Amino acid sequence: MKNTMVFDQPAYETVARKEWLVTNGLGGFASSSLCGANTRRYHGVLVAALQPPGDRKVLVSKIEEKIIAAKEEFFPSTNAYPGAIHPQGYKHLKSFTRMPLPTSTFEQGGLRFSKTVFMREGMNTSVVSYTNESNEALLFELTPLLTYRDYHHLFHEDDRWTFRVNMLDERFLEITPAQGIAPYYFRFTAGVFYGQPDWYRHFQYAREEERGLDFSEDAASIGKVSCMLAPGEMTFLVFGTNLSEVSGDPRAWKEEEIRRVKALGSKEKDSFLADLITSGHQFIVNRNGTETKSMIAGYPWFTDWGRDTMIAMRGLVIATGKKKLAKSIFRTFISYLDRGMIPNRFPDQGEEPEYNTMDATLWMFVALYEYYEHFKDRKFISEVFDALKEILDAHMEGTRYNIHITDEGLLYGGESGVQLTWMDAKVGDHIVTPRQGCPVEINALWYNALSIYVYFGREIKREVKPYARQAKHFPKIFQKWFVNDKGYLYDVVVPGESPDDAIRPNMLYAVSLPFSPLNKTMKKKVLKVVTELLYTDYGLRSLSPEHPDYQPVFAGDPWQRDHAYHQGTVWSFLWGEYAIAYLHVHQHRHKAVKWVLAHVQPLKEHFYLAEGLHGISENFDGERPYEGKGCIHQAWSIGMTVLALKRAKT
């Protein structure tokens, strides 16, 4: 795929629907549409993580731009206002290159310039560079538009927001949004600042309107930077929360960031795999509370989630050989182990972690198994082994949310008002897919947890006999309760009640996980049903189209979207799990490998050309799954694609 997209008088919707994103390793980011019009509340030049990786604030919304030459001028900016697109700078967009840094080129007549946005790694600092690519001098008038808000909210004109400016020197500004709020900083490398406080009102965010949410916002201007650039000259605008981190040489920072990004996937011969790995690195973040690493589940609105981290790190961290990083992530979550459970989610504002998950903790066993298979690190397994025993014992004895082992030997969980599996949509107090009881993937994961613990114990010479006995007998128990006479597995079983026979992708884990409770014949039958009713080239449907609750489209307000979220919507991370199961069932034959490499092509095109450039969307519609939905850049979607390709190539 070409890295540069070229345009000739593009339509507004064409460039407004495509988005770019860069991150800083703290949970902060910068993002917008290709044309520069913000279309989401999450767009901004500087979205800082004040308590990494959470407490994210939109501090700089965008930059208004005007270009003046000797005989003409033009406005490269684009904004959506009520009933109007103004200015219409998107018409001047000639190209966009995502890697190594997002760079846009604008042109009118003989006037041409490029704009690049990046963040400094490990710092809440965003940098925007402008380069005059014309044959004559250009006057740039650049007006930063400022906000101060939580990234989930919107900002509106109010007398409280004064954005007081203190000139530290002629090109260095300290900005205090309101009394009692810590300042942030703005620096520029060429030109003169002209103070002129004003408000820009009623920006319209189309993606928010589509989601049934408030979609109008205001932003404040403190003035403009006016600078003349000769042909080939460059200027930088720097925004940040720390005085020392906005001081220095932005040109050197840009070169350093280019080198860093290019190195991320440099070991891979396959360019797509290299770009996936590079893109996937954006999810790795520092967690302040533990001074260890964690992973953002998805941009632009998720924090770090236990389930998503354990699944995504299999491809993004372990399969790519990042041993030290993997150990740091494991230590982050094990340090929060409570009643045999790791957190489901760390909230944005630093509140206590949430533990409403049955599977995140069990996924950690799978990730640890793949870690050990890759690195043969007995020392680390010995370090965490007691924690693993604590987890198994807590589940056997019973822990929160009625999670316990039934008399039949199955793992049960759930109570009213709580969603514990990955199918966790909740509207108010209504759980859309409660799955209370013994879900099929939970029990497949439980079998893997037992088997992996026994395997580890034997590797490091620890006593595991009671757990070995349970692991030995579990496949028979699993088959008795989950295998039905229709050729697939029940989704949820409650002993003594009618099982849930909905055809969902959860049964696939009994095939794809390292330890399967099924025989070869059963695996083939499960894969066949999943292929016929759930498979698409963008992922798996979350419910069969034959089911009466099937929802073919993921759209509308929060109620509508949450009711479709796991009722037919395609999930892209499951494509990787399906590919792994496919390779396993077909014994990794050459034909199977070729099938995987051929069928990743739609996701590859999506990655390079669709909504979130160099990202894989969270999900797609159940019918006609071509347009990305949900988060534009999802960790487990990237991670599982990487893992599937790694498995296919080994």
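With a requirement of 3 or more residues that are crowded, with 21+ Cβ neighbours inside 10 Å and aromatic (Phe, Trp, Tyr), the helices (runs of 4 or more DSSP H) lying completely within the stretch 524-634 that satisfy it span 573-585. Identify the residue in the stretch 598-650 that is of a type in the set (S, T, N, Q) and more than 12 Å from the chain's Cα centre (by Cα) and, among all such residues, is modelled with the lowest pLDDT. The residue in question is THR650.
Looking at the structure I just gave you, is ALA274 outside the structural domain of GLU121 (by TED's automatic domain parsing) and either under 22 Å from the mean Cα position of the chain (by Cα) or surrounded by fewer than 18 Cβ atoms within 10 Å (Cβ to Cβ) (or both)? Criteria met by ALA274. Checking each residue in the stretch 287-309 for being of a type in the set (Asp, Glu) and over 19 Å from LEU420 (Cα atoms) picks out only GLU291.
Would a scan of the stretch 482-491 turn up a residue that is hydrophobic (A, V, I, L, M, F, W, C) and either on the phi > 0 side of the Ramachandran plot or touching a Ser or Thr at 6+ places or on another chain (Cβ under 6 Å) (or both)? The answer is no, given that none of the residues of the stretch 482-491 is hydrophobic (A, V, I, L, M, F, W, C) and either on the phi > 0 side of the Ramachandran plot or touching a Ser or Thr at 6+ places or on another chain (Cβ under 6 Å) (or both). Among the criteria (1) crowded, with 19+ Cβ neighbours inside 10 Å; (2) more than 17 Å from SER31 (Cα to Cα), the one THR116 does not fulfil is (2). Scan the stretch 74-95 for residues that are more than 20 Å from ASP198 (Cβ to Cβ) and in a strand (DSSP E or B) and jot them down. Of everything in the stretch 74-95, those that are more than 20 Å from ASP198 (Cβ to Cβ) and in a strand (DSSP E or B) turn out to be PHE74, ILE85, GLN88, LEU93, LYS94, SER95.
I'd like to check something: does the stretch 209-221 contain any residue that is of a type outside the set (Phe, Trp, Tyr), surrounded by fewer than 19 Cβ atoms within 10 Å (Cβ to Cβ), free of Cβ contacts under 8 Å to residues at least 24 places away in the same chain and in a strand (DSSP E or B)? Within the stretch 209-221, none of the residues are of a type outside the set (Phe, Trp, Tyr), surrounded by fewer than 19 Cβ atoms within 10 Å (Cβ to Cβ), free of Cβ contacts under 8 Å to residues at least 24 places away in the same chain and in a strand (DSSP E or B). Say whether the condition of being closer than 19 Å to MET423 by Cα and in contact with a Phe, Trp or Tyr (Cβ under 6 Å, 6 or more places away or on another chain) is met by at least one residue in the stretch 490-498. Within the stretch 490-498, one or more residues are closer than 19 Å to MET423 by Cα and in contact with a Phe, Trp or Tyr (Cβ under 6 Å, 6 or more places away or on another chain).
A quick yes/no check of all residues on (1) in contact with a Ser or Thr (Cβ under 7 Å, 6 or more places away or on another chain); (2) β-branched (Val, Ile, Thr); (3) within 17 Å of GLY44 (Cα to Cα); (4) without any contact (Cβ under 8 Å) to a residue 60 or more places away in the chain:
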residue: MET119; (1), (2), (3), (4): yes, no, yes, no
residue: MET123; (1), (2), (3), (4): no, no, yes, no
residue: TYR130; (1), (2), (3), (4): yes, no, no, no
residue: GLU133; (1), (2), (3), (4): yes, no, no, no
residue: LEU142; (1), (2), (3), (4): no, no, yes, no
residue: GLU170; (1), (2), (3), (4): no, no, no, yes
residue: TYR184; (1), (2), (3), (4): yes, no, yes, no
residue: ALA190; (1), (2), (3), (4): yes, no, no, yes
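Looking only at residues of the stretch 460-494 that are touching a Leu at 6+ places or on another chain (Cβ under 7 Å) and within 20 Å of GLY413 (Cβ to Cβ), we find that the one that is surrounded by the most Cβ atoms within 10 Å (Cβ to Cβ) is PHE482. Restrict the check to the stretch 506-521 and report whether at least one residue is assigned to a helix (DSSP H, G or I) and surrounded by fewer than 21 Cβ atoms within 10 Å (Cβ to Cβ). The answer is yes, given that some residue of the stretch 506-521 is assigned to a helix (DSSP H, G or I) and surrounded by fewer than 21 Cβ atoms within 10 Å (Cβ to Cβ).
Restricting attention to the stretch 97-142, the residues that are under 26 Å from the mean Cα position of the chain (by Cα) and either among the β-branched types (Val, Ile, Thr) or over 16 Å from SER247 (Cα atoms) (or both) total 14. Filtering the stretch 342-386 to residues that are part of a loop (DSSP other than H, G, I, E, B), within 21 Å of the chain's Cα centre (by Cα) and not charged (D, E, K, R) leaves ILE342, PRO343, ASN344, PHE346, PRO347, GLN349, GLY350, PRO353, TYR355, ASN356, THR357.
Scanning the stretch 328-355 for residues that are touching a helix residue (DSSP H, G or I) at 6+ places or on another chain (Cβ under 7 Å) and not basic (Lys, Arg) yields a total of 11.
Of the residues contained in the stretch 592-599, none is found to be touching a residue at least 60 places away in the same chain (Cβ under 8 Å) and either closer than 22 Å to ARG40 by Cα or of a type in the set (A, V, I, L, M) (or both).
Residues that are surrounded by fewer than 24 Cβ atoms within 10 Å (Cβ to Cβ) and farther than 17 Å from GLU291 by Cα within the stretch 327-344 comprise ASP338, ARG339, GLY340, ASN344, listed in sequence order. Can you name the condition, by its number, that LEU445 falls short on among (1) of a type outside the set (Val, Ile, Thr); (2) surrounded by 19 or more Cβ atoms within 10 Å (Cβ to Cβ); (3) outside any helix (DSSP H, G or I); (4) in contact with a helix residue (DSSP H, G or I) (Cβ under 6 Å, 6 or more places away or on another chain)? Failed condition: (3). The criterion of at least 3 residues that are free of Cβ contacts under 8 Å to residues at least 60 places away in the same chain and either among the polar types (S, T, N, Q) or over 22 Å from GLY615 (Cβ atoms) (or both) is met, among helices (runs of 4 or more DSSP H) falling completely within the stretch 223-327, by 250-264. Do you know which residues across the stretch 402-432 are in contact with a helix residue (DSSP H, G or I) (Cβ under 6 Å, 6 or more places away or on another chain) and among the charged types (D, E, K, R)? The one that is in contact with a helix residue (DSSP H, G or I) (Cβ under 6 Å, 6 or more places away or on another chain) and among the charged types (D, E, K, R): GLU415.
Per the listing ILE85, ILE67, the residue uniquely modelled with pLDDT of 95 or more, more than 27 Å from PHE302 (Cβ to Cβ) and crowded, with 24+ Cβ neighbours inside 10 Å is ILE67. Under the condition of being in a loop (DSSP other than H, G, I, E, B) and at pLDDT 95 or above, the residues counted in the stretch 96-129 number 10. Among the residues of the stretch 512-533, those identified as in contact with a Phe, Trp or Tyr (Cβ under 9 Å, 6 or more places away or on another chain) and of a type in the set (Val, Ile, Thr) are VAL526, VAL529, VAL530, THR531. Note on the stretch 589-599: residues that are of a type in the set (A, V, I, L, M, F, W, C) and farther than 16 Å from THR531 by Cβ amount to 2. Condition test on GLY457, is it surrounded by 17 or more Cβ atoms within 10 Å (Cβ to Cβ), over 20 Å from MET358 (Cα atoms) and of a type in the set (Gly, Ala, Ser)? So GLY457 fits the description; yes.
For the stretch 398-424, give me each residue that is modelled with pLDDT under 95 and acidic (Asp, Glu). GLU415, ASP424 - these are the residues of the stretch 398-424 that are modelled with pLDDT under 95 and acidic (Asp, Glu).
In the stretch 324-365, the qualifying residues are those that are more than 21 Å from MET423 (Cβ to Cβ) and of a type in the set (S, T, N, Q), and the one that is modelled with the lowest pLDDT is GLN349. Do the conditions hold for LYS18, that is, is it closer than 23 Å to GLY223 by Cα, under 28 Å from the mean Cα position of the chain (by Cα) and of a type outside the set (Phe, Trp, Tyr)? So LYS18 fails the test.
The values are calculated or read from the model by the stated rules, or taken from the named source; none is laboratory data. Computed from a prediction, not measured in an experiment: that's the story for all the values here. Heads up, the Cβs are rebuilt from the backbone with ideal geometry, glycines too, and the neighbour counts pull from every protein chain shown.
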